[in-house]
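Structure first, commentary second.
The values are calculated or read from the model by the stated rules, or taken from the named source; none is laboratory data. What you see is a predicted model, and the numbers here were worked out from it, not measured in a lab. We place every Cβ from the backbone using ideal geometry, glycine too, and count neighbours over all the protein chains shown. Heads up: the accessible areas ignore ligands, DNA and RNA and are worked out on the full protein's heavy atoms, side chains in. Shrake-Rupley method; radii C 1.70, N 1.55, O 1.52, S 1.80 Å.
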Amino acid sequence: MTSPAGTITPPIGGELADRYLGLVSDGDEPGATDLVNDLLDDGVPAQRIIVDLIGGTQARVGDLWAANEWSVAREHAATAVGERALAAVAARTTTPPDRGRIALACVDGEWHGLPARMLAELLRLDGWRVDFLGASVPGRHLITHLHQTGPDAVALSCMIPTRLPRAHAAITACRSAGVPVIAGGRGFGPGGRWAERLGAHAWARTGEEAVALLAGDWPPRNVTDFPMPDGEAFLGDEEYTHLVRSRPQLITTAMGRLTTAYPPARDYDDSQLEATTEDMGHITDFLAAALYIGEQAIFTDFTEWTAGVLTSRGVPPTALSVGIGLIRDQLVDFPAATSMIDAALAALPPD
Ligand code: B12
């Protein structure tokens with residue numbers, strides 16, 4: 001079902017991708033599965049359908065949600081169609097598992113299961129036996145699975161940086177169990193630079209890069225050849241610990257002061273207040289992750305992205321600045337946290 005060796009297949013795009021987006025947009029599961037089945041019948045490689053059509057459309061879905069053109073519900077429905085289409089491709093493609101065994105999991109608290117599922121199918125197509133453990137796998141369950149099945153490698157997916165402390169715990173536990181770790185997902189930062197920092201043995205940007213890497217001289221036979229990186233001991237200092245422990249109180253206090261600091265919030269309805277509480281949680285979590293890794297960019301990228309999302313929903317950047325300020329006011333004794341917050345506030349666009 002894959003393209004014959006040496007055949008170069010152009011990426012799927014244009015009118016076909018628009019048609020598929022239309023089906024996804026309508027929540028048309030039968031239509032989407034019919035389309036991918038027709039493509040397979042026409043000899044289009046399964047990999048192209050997974051990466052270009054299903055994956056590429058997910059990225060467009062994300063952009064439409066961020067621009068406030070699609071609701072959260074519509075995005076959820078679209079993702080459900082993508083999962084169904086991927087299952088249809090998987091059902092039509094079988095490759096004998098003759099390479100080895102890989103355990104694939106999303107880190108604890110990571111709910112983006114579809115990108116990892118895409119990777120699972122790409123690896124299966126390349127002859128790996130894959131145990132796909134799904135979204136949000138607590139570290140202890142992952143380790144139990146490793147002891148029970150003895151895989152050649154663990155593939156760990158992290159799409160949002162707030163999960164990096166949990167990713168670190170999982171990577172450390174896998175290392176202790178003697179199993180090499182390949183990390184992936186945009187949560188590990190540009191070029192995967194935080195994956196190495198957290199002790200992963202390898203990182204790949206896309207599913208196809210992971211397939212190529214694993215088809216080469218990998219996994220390493222002896223994982224002790226990969227010492228823990230320098231600086232690991234500095235992760236999770238007392239500022240990080242304080243932020244994590246006081247998270248509920250930080251959010252409650254900030255919400256209690258919201259209407260005084262930002263009078264337009266007096267007119268907020270329940271769902272707006274709920275969304276603001278969630279945003280306070282995100283501010284705290286991204287700041288905690290930035291402190292954990294020691295990377296300003298984790299927090300600044302988040303605040304810039306959130307400013308864009310809020311602006312497209314008619315909420316001015318000032319509202320975000322005020323919210324961040326309400327968290328900052330409670331962290332005056334924490335110099336690393338306040339300096340990260342100040343740098344992020346300075347980078348926010350004016351109203
Ligand atoms: C669908 C979706 C969701 C769904 C996920 C449902 C599901 N079953 O997967 C739900 C609603 C749960 C969700 C929630 C959130 N989401 Co979301 N989501 C998306 C969306 C639109 C699509 C994800 C997807 O399927 N991508 C398709 C694949 C193909 O993407 P890909 O990155 O290219 O995947 C490849 C690589 O990542 C790589 N890879 C992935 N894992 C691994 C592992 C290994 C080992 C390797 C080697 C490679 C690898 O291989 C993949 C295949 O090639 C993206 C937008 C986007 N552009 O991706 C946002 C996105 C990922 N979400 C985002 C955010 C912020 C959130 C929330 C925080 C939103 C909120 N305010 O609550 C929550 C966090 C939830 C959580 N704790 O996990 C941001 C993340 C930004 C960031 N890095 O900081 C994104 C990028 C949106 C955006 N435009 O900014 N989301």
per DSSP, antiparallel bridges as share of beta bridges in the chain, % nearest 5, sits at 0
Mean-square fluctuation maximum in Gaussian network of the chain, Cα pairs under 10 Å, restricted to Asp98, Asp285, Asp270, hits Asp270
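Taking the Cα centre of region 9-93 as the origin, how large is its charge dipole in debye, to the nearest 20, when only Lys and Arg (+1) and Asp and Glu (-1) carry charge on their Cβ atoms?
240
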What is region 1-130's relative contact order, in percent, from Cα pairs under 8 angstrom and six or more apart in sequence? 27
Under a crude label model (7 Å from the Cα following the beta-carbon direction), how far is Asp217 from Thr277 in nanometres? 5.5
Size of charge dipole - the chain - debye, nearest 20, with Cβ of Lys, Arg +1 and Asp, Glu -1, no other charges: 800
Quick one: what does P(r) look like for region 95-232 with 5 Å bins over all Cα pairs, in whole %? 2, 12, 23, 26, 23, 11, 2, 0, 0
Ignoring ligands, DNA and RNA, what accessible area per residue does region 9-93 give at 1.4 Å, in Å²? 45
Heavy-atom accessible area per residue, region 238-347, 1.4 Å probe: how many Å²? 47
Mean accessible area per residue over region 102-154 (1.4 angstrom probe, all protein chains present, square angstrom) is 38
Dividing the mean separation of Cα pairs under 8 Å (6+ apart) by the residue count of region 95-232 yields a relative contact order in percent of 23
What percent do you get for the relative contact order of the chain when only Cα pairs under 8 Å and 6+ apart count? 12
Sequence ranges 250-263, 202-215, ranked by mean other-Cβ count within 10 angstrom, highest first: 202-215, 250-263
Applying the gyration tensor rule to the Cα atoms of region 250-336 (axes a ≥ b ≥ c; rounded if a/c under 1.5, else prolate if a/b exceeds b/c, else oblate), the class is oblate
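With all protein chains present, how much of the accessible area of region 9-93 (probe radius 1.4 Å) comes from carbon and sulfur, to the nearest whole percent?
With neighbouring chains kept in place, the figure for region 9-93 is 52 percent.
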Pick from Ala288, Ala155, Ala169 the residue whose mean-square fluctuation is largest in a GNM of the chain, springs joining Cα atoms under 10 Å. Ala169
For Thr94, what accessible area in Å² do you get when you roll a 1.4 Å probe over the heavy atoms of the protein chains, rounding to the nearest 10? 130
Which of Gly14, Gly31, Gly308 fluctuates most in a GNM of the chain (C-alpha springs under 10 Å)? That residue is Gly14
What shape does region 3-113 take by its C-alpha gyration tensor, where a ≥ b ≥ c are the square roots of the eigenvalues and a/c under 1.5 counts as rounded, a/b above b/c as prolate, and the rest as oblate? oblate
Can you give the convex hull volume of the alpha carbon atoms of the chain per residue, in Å³? 148
Rounded to the nearest 500, the 222 nm mean residue ellipticity computed for the chain from DSSP H runs (n ≥ 4, each -39500 (n - 2.57)) alone is -17500 deg cm²/dmol
Can you give me the angle between helix 29-41 and the longest principal axis of the chain, using Cα atoms only, in degrees from 0 to 90, rounded to the nearest 10? 40
